[in-house]
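Below is one structure, written out as structure tokens; comments come after it.
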């Protein structure tokens with residue numbers, strides 16, 4: 001399946017916990033349609049819940065909650081999911097979210113879990129510029 005603009009699914013939702021179920025169900029539907037197996041769909045639902053919840057909890061600290069964009073891009077060999085906010089941002093360079101031992105008492109568990117459940121994770125952020133979490137789940141062959 002080659003990706004076309006019509007294959008990209010995008011949600012723009014308020015940064016509010018009541019939308020977590022909407023995000024989970026939409027990601028599960030797109031993942032199933034893309035050919036991802038049931039176990040991996042469950043992993044995706046956990047990862048997207050954690051990424052979306054992180055945005056709710058951290059992106060708009062001290063500001064009115066804004067909008068979160070969740071973009072799902074199916075491809076030949078993988079499903080890419082982006083969670084994008086225009087929040088306060090942070091410096092991801094000084095944290096290692098892939099190791100549980102490097103987590104502080106003040107957060108980090110959500111992104112650690114995203115790394116555990118996804119095949120690839122990239123975090124683009126800087127203080128004052130919002131955050132983009134790009135997650136990839138490869139299709140099992």
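The values are calculated or read from the model by the stated rules, or taken from the named source; none is laboratory data. No experiment lies behind these values; they were computed from the predicted model shown. Because the Cβ atoms are built from the backbone with ideal geometry, glycine has one as well, and the counts that use them run over all protein chains shown.
Taking residue 73 as the residue in question, decide whether it is under 22 Å from residue 97 (Cα atoms) and surrounded by 14 or more Cβ atoms within 10 Å (Cβ to Cβ). No, not satisfied.
In the range 47-74, of all residues being in contact with a helix residue (DSSP H, G or I) (Cβ under 8 Å, 6 or more places away or on another chain) and part of a loop (DSSP other than H, G, I, E, B), the one that is nearest to residue 129 (Cα to Cα) corresponds to 66. Within the range 96-118, the set of residues being modelled with pLDDT under 85, over 25 Å from residue 66 (Cα atoms) and in contact with a helix residue (DSSP H, G or I) (Cβ under 7 Å, 6 or more places away or on another chain) comprises 96, 98, 100, 103. Checking each residue in the range 1-30 for being touching a residue at least 12 places away in the same chain (Cβ under 8 Å), part of a loop (DSSP other than H, G, I, E, B) and closer than 17 Å to residue 77 by Cβ picks out 1, 2, 3, 8. Scan the range 70-90 for residues that are over 10 Å from the mean Cα position of the chain (by Cα) and farther than 12 Å from residue 137 by Cα and the total you get is 6.
For (1) more than 12 Å from the chain's Cα centre (by Cα); (2) surrounded by 15 or more Cβ atoms within 10 Å (Cβ to Cβ); (3) at pLDDT below 95, each residue gets a yes or a no:
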position: 4; (1), (2), (3): yes, no, yes
position: 18; (1), (2), (3): yes, no, no
position: 34; (1), (2), (3): yes, yes, yes
position: 41; (1), (2), (3): yes, yes, no
position: 47; (1), (2), (3): no, yes, no
position: 58; (1), (2), (3): yes, yes, yes
position: 62; (1), (2), (3): yes, no, yes
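Within the range 31-51, the set of residues being touching a residue at least 12 places away in the same chain (Cβ under 8 Å) and farther than 15 Å from residue 83 by Cα comprises 31, 33, 34, 35, 36, 37, 40, 41, 43.
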